[in-house]
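The values are calculated or read from the model by the stated rules, or taken from the named source; none is laboratory data. Quick caveat: nothing in here was measured; it's all calculated off a predicted structure. So basically every Cβ, Gly included, is an ideal-geometry build from the backbone, and we count neighbours across all protein chains shown.
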Amino acid sequence: MVNKKRKPMQKAVAYYRVSTGKQGKSGLGLEAQQCAVVQYCNANDYQLLTEVVEVRSTRKYRAGLFDALDLCKHNKATLVVARLDRLGRDVELIARIFNPKSKVDVKVADNPHANRFTIHILAAVAEDQRQRISETTKEALKAARNRGVELGKNGKLVLSVANKQAAEDFARKLSPIIGRLKKRGIITGRAVCDELNKKGVPTFRPGGKWHPSSVHTLLTRINKQEQQKEHNKINSPC
């Protein structure tokens, strides 16, 4: 009897996204996503190389997602997510990820037979839902203002300004550390994140842990501050 060679397992990188809220109640908590992805990989002969976890509460730039895509390209692996909305509800972003030129295959654990066409439709529906929620929220805020309700974090706009100033001051303090990391060639969001956590550098919120998203925010603030310094030098009188 001839023994057939077993087909080598495909490589996979898992991407999980959780919000800063009580995600577990929605069924989209980290453990639920991990369970769905692991089950999919086991059922389809995927070797799970690594996991990328991103904590986000907005739809802005997702450093963790693009780090995961880079890992897939480097290892010739497939990106696996638990659900499509973990990638996002932005049609433009989904189109970029599922573009054939991206050279990264993406699998959705709860919809394994979905193709590029159906995924674009699902993303469009999700984006429409997000837009409707946004419009409803704006209308509710407008109605609250008309009733004389004071808006802003904790109901005080002055506190929001104070928080922003504190974040700017925090970025200035960490600027020298980021500068030293750049000199060592540590420049990607993921690499900076790992280094800050390894060194025990405190986050803006005491007791927190660095994530690619918070590193991206920090680097953005520092870059803007450096640009402002250069602008002031150029325009300052001799």
Legend entry - Complete set of residues in the stretch 13-41 that are modelled with pLDDT of 90 or more and in a strand (DSSP E or B): VAL13, ALA14, TYR15, TYR16
Inset, instruction - Kindly indicate which of ILE178, ILE187 is outside any helix (DSSP H, G or I) and at pLDDT 70 or above. - result: ILE187
Legend entry - Answer residue from the stretch 42-97, given it is among the hydroxyl-bearing types (Ser, Thr, Tyr) and modelled with pLDDT of 70 or more and is farthest from HIS211 (Cα to Cα) among those: TYR46
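For every residue, the table says whether it meets (1) more than 27 Å from LEU71 (Cα to Cα); (2) modelled with pLDDT of 90 or more; (3) in the same structural domain as GLU54 (by TED's automatic domain parsing).
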{"residue": "ALA162", "(1), (2), (3)": "yes, no, no"}
{"residue": "ALA167", "(1), (2), (3)": "yes, no, no"}
{"residue": "LEU196", "(1), (2), (3)": "no, no, no"}
{"residue": "GLY208", "(1), (2), (3)": "no, no, no"}
{"residue": "PRO212", "(1), (2), (3)": "no, no, no"}
{"residue": "LEU219", "(1), (2), (3)": "no, yes, no"}
Inset, instruction - Please indicate, with yes or no, whether at least one residue in the stretch 167-180 is surrounded by 12 or more Cβ atoms within 10 Å (Cβ to Cβ), among the hydroxyl-bearing types (Ser, Thr, Tyr) and more than 18 Å from the chain's Cα centre (by Cα). - result: yes
